[in-house]
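Heads up, the thing below is written out as structure tokens.
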């Protein structure tokens with residue numbers, strides 16, 4: 001079977017992500033921005049699929065597109081859109097924005113020009129059929145400690161949220 | 001021409017799903033079959049739900065359009081297509097237009113990985129169950145968008161309720177699913193699988209459906225899933241999102257005509273989708289019942305008769321009711337129609353007795369029969385349970401189902417470890 005991970009699809013999804021990204025910051029309506037962000041996340045999941053990482057793609061769809069973004073929308077929808085549309089953009093930090101953009105752009109150009117030696121020329125793709133198992137053995141074997149630290153951080157965040165939300169514990 | 005025929009025929013000898021074999025033609029055929037079958041199932045569900053609910057409440061239900069109201073769903077569909085398509089003036093046009101599409105897409109895309117049999121699936125993915133949960137969780141987005149874009153109070157409240165409900169029950173559902181997936185890893189090399197076909201094959205290899213595994217752990221996990229899946233599809237008794245006495249119709253209040261029918265279609269196909277997850281994970285998917293107790297070739301023979309017998313039974317019901325039809329000349333066409341329907345069912349039943357056909361059709365039959373059982377349960381719940389209050393719903397999700405799910409997961413893991421380390425070292 002011919003591989004589907006052709007350059008055409010990469011450019012397609014990259015274009016979708018770029019257009020979505022521009023829409024996120026230019027849309028006046030916050031809900032439209034959030035929807036554009038969902039499109040970006042789905043396109044990103046497709047790129048993970050092209051990189052032979054189906055598990056990451058599935059987790060991306062479940063966690064970001066299906067979970068976190070719904071909560072985002074949830075909050076945004078309770079904001080009165082009419083008022084926020086009329087309000088002027090009050091956050092004007094042009095200098096910082098330009099500095100950050102040029103720094104990032106310069107980094108990208110530098111990597112594009114001299115990046116041939118930084119990245120490995122060719123990586124054997126992990127066989128798709130046991131990708132999930134490979135991820136599991138890495139997470140629960142080699143990187144067990146980092147994984148547990150990350151889950152501890154999440155636990156701290158949950159406890160913090162409960163403490164802040166509840167008046168009497 | 002010759003190459004095309006060869007391409008089409010090459011799949012017939014491979015023991016794979018069309019997706020795995022990479023055969024475009026058969027993949028398309030399967031997609032068409034699944035889509036058509038699903039649409040017919042939704043139409044049948046529409047009629048059955050009204051009929052069964054009516055009989056539970058000692059009414060007759062639809063009786064006018066066709067014999068025993070059999071043509072009622074078709075009449076409804078025509079009515080919905082002919083209705084005026086209204087979009088509220090203050091609505092957000094694009095989002096309003098996209099919402100039903102997203103809900104329908106999410107509900108139908110899920111069926112790509114549903115295993116109707118070892119080879120009867122459109123494709124088999126390495127992340128099958130993750131894909132199903134992920135894509136079906138996208139339907140929340142459509143509901144939230146529909147509620148918000150309508151720019152009206154009731155739909156917004158309905159959408160908020162439904163998203164809160166779906167996000168919180170997804171957690172308990174996920175934990176129940178994880179404990180079933182854990183059971184797939186109880187083989188020699190200790191690697192489990194997320195693929196839908198692989199999960200059923202694990203149950204086949206362990207000679208046990210996961211609902212009976214580590215009794216009562218499998219049963220409890222199944223129970224958690226069975227409750228969460230009703231909440232996930234916004235059906236009674238968890239239908240707060242469209243509670244008609246409080247919110248008119250919830251998130252789809254402002255929708256009419258064809259757009260509304262898309263929501264309807266999506267709701268029912270989502271019900272079928274979650275039921276098929278439950279069937280695949282706990283009830284052995286396409287495997288026939290009693291594989292251990294009633295094994296051997298005579299029993300295989302008897303169980304292979306079931307599809308045909310079922311259709312003959314339906315045909316017999318049709319004939320019985322044909323005899324009972326009123327003898328007035330006004331009812332002649334209806335009587336002939338019902339008899340004709342019975343004849344068609346009987347013919348299908350007879351074809352299913354042919355050994356070549358019955359061997360191939362069995363998996364699909366058992367899978368569909370199990371899913372149909374769940375569909376009946378959905379109607380039964382709607383007929384019997386009163387609606388939950390919202391705080392009760394949240395309490396149930398977070399304080400009962402979630403701790404239960406965690407407990408079952410930990411217990412399943414410990415028992416599995418014990419079994420591998422101590423009983424069968």
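The values are calculated or read from the model by the stated rules, or taken from the named source; none is laboratory data. Only a predicted model underlies this, so the values are computations on that prediction, with no experimental measurement involved. Neighbour counts are summed over all protein chains in view; Cβ atoms, including those assigned to glycine, are modelled from backbone coordinates with ideal geometry.
Worth pointing out:
- Scope the range B:163-180; condition within 21 Å of the chain's Cα centre (by Cα), facing another protein chain (nearest Cβ under 10 Å) and in contact (Cβ under 8 Å) with a residue 40 or more places away in the chain; matching residues: B:166, B:170, B:171, B:174
- Considered as a group, the residues in the range B:123-160 that are crowded, with 24+ Cβ neighbours inside 10 Å and more than 10 Å from chain A (Cβ to nearest Cβ) include one that is nearest to residue B:285 (Cα to Cα), and that residue is B:142.
- Cβ-Cβ under 9 Å pairs, at least 6 apart or on other chains, the range B:188-211 side within 13 Å of chain A (Cβ to nearest Cβ) and on the phi > 0 side of the Ramachandran plot, far side modelled with pLDDT under 85 and surrounded by fewer than 19 Cβ atoms within 10 Å (Cβ to Cβ): B:190/B:420
- Against the numbered list (1) surrounded by 19 or more Cβ atoms within 10 Å (Cβ to Cβ); (2) modelled with pLDDT under 85; (3) away from chain A (no Cβ under 14 Å); (4) under 22 Å from residue B:250 (Cβ atoms), residue B:84 comes up short only at (1).
- Options B:104, B:113, B:95, B:58: the member that is at pLDDT 90 or above and closer than 30 Å to residue A:39 by Cα: B:104
- Selected residue (criterion: surrounded by the fewest Cβ atoms within 10 Å (Cβ to Cβ)) from residues of the range A:50-71 that are touching a residue at least 40 places away in the same chain (Cβ under 8 Å) and assigned to a helix (DSSP H, G or I): A:50
- Qualifying position, being surrounded by 13 or more Cβ atoms within 10 Å (Cβ to Cβ), within 14 Å of chain A (Cβ to nearest Cβ) and not in a helix (DSSP H, G or I), among B:91, B:20: B:91
- Test: residue in the range A:108-129 that is outside any loop (DSSP other than H, G, I, E, B), facing chain B (nearest Cβ under 10 Å) and either modelled with pLDDT under 75 or surrounded by 13 or more Cβ atoms within 10 Å (Cβ to Cβ) (or both): yes
- Any hit, the range A:85-96, residues being closer than 30 Å to residue B:195 by Cβ, loosely packed, with under 10 Cβ neighbours inside 10 Å, modelled with pLDDT under 85 and more than 14 Å from chain B (Cβ to nearest Cβ): no
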